[in-house]
1. Please report the spacing between the Cα centers of segment 21-49 and segment 83-99 in Å, no decimals.
2. Treating only the Cβ of Lys, Arg, Asp and Glu as charged (+1, +1, -1, -1), what charge dipole size does the chain show about its Cα centre? Round to the nearest 20 debye.
3. Could you work out the relative contact order of segment 17-94? I mean the mean sequence separation of Cα pairs under 8 Å and 6+ apart, divided by the number of residues, in percent.
4. Ranked from the most accessible area to the least, with a 1.4 Å probe and all protein chains present, what is the order of Ile62, Ile12?
5. For segment 18-98, which whole percent of the accessible surface, found with a 1.4 angstrom probe, sits on carbon and sulfur atoms?
6. For the chain, modelled as a Gaussian network with Cα springs under 10 Å, which listed residue fluctuates most, Thr74, Thr29, Thr43?
7. Kindly sort Leu28, Leu82, Leu40 by accessible area of their heavy atoms, largest first, with the probe set to 1.4 Å.
8. Each residue of segment 37-46 in order: what ³J(HN,Hα) in whole Hz does its phi give by Karplus 6.51 cos²θ - 1.76 cosθ + 1.60, θ = phi - 60°, with x for Gly and Pro?
Amino acid sequence: MRSWRFWLNTLILSSQYNPPRFVELLMLTLAIAMLTISSLVPTEIPYMVLGLSFVIGASISILVREAIAPSPQTRVTQLTALLLLIVSFYGFADLIRML
């Protein structure tokens, strides 16, 4: 029970300390879950669309946040966000080709 309380307090503290980064982390975690479900069950296209939408939203949010308030590792963060954006657009193109 003590470990659960520790994780809950850590989660609450991180969400209060830096809300945009917390929302981006939550979106990317949900995207991983949705894309995992869509890869395990190939007929679940809505999960793939939702997961790719989460990735696009989180990537754009990261790029905007880094443009407004740069962090010490700005280039790495921007490069990672752009890579995620390109991969998700490729996923949408592949999804359209499947339909």
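The values are calculated or read from the model by the stated rules, or taken from the named source; none is laboratory data. Here the structure is a predicted model, which is why all the values come from computation and not from measurement. In this analysis, Cβ positions are derived from the backbone assuming ideal geometry, glycine residues included, and neighbour counts consider all displayed protein chains. Ligands, DNA and RNA are stripped out before the accessible areas are found, and what is left, the full protein with its side chains, is counted by its heavy atoms. Shrake-Rupley method; radii C 1.70, N 1.55, O 1.52, S 1.80 Å.
1. Here the two parts' Cα centres lie 14 Å apart.
2. Once rounded to the nearest 20, the dipole reads 320 debye.
3. Across segment 17-94, relative contact order equals 30 percent.
4. Output order, biggest surface exposure first: Ile12, Ile62.
5. Of all accessible area on segment 18-98, carbon and sulfur atoms account for 78 percent.
6. Thr43
7. These residues rank, largest area first, as Leu40, Leu82, Leu28.
8. 4, 5, 7, 7, 10, x, 7, 8, 5, x
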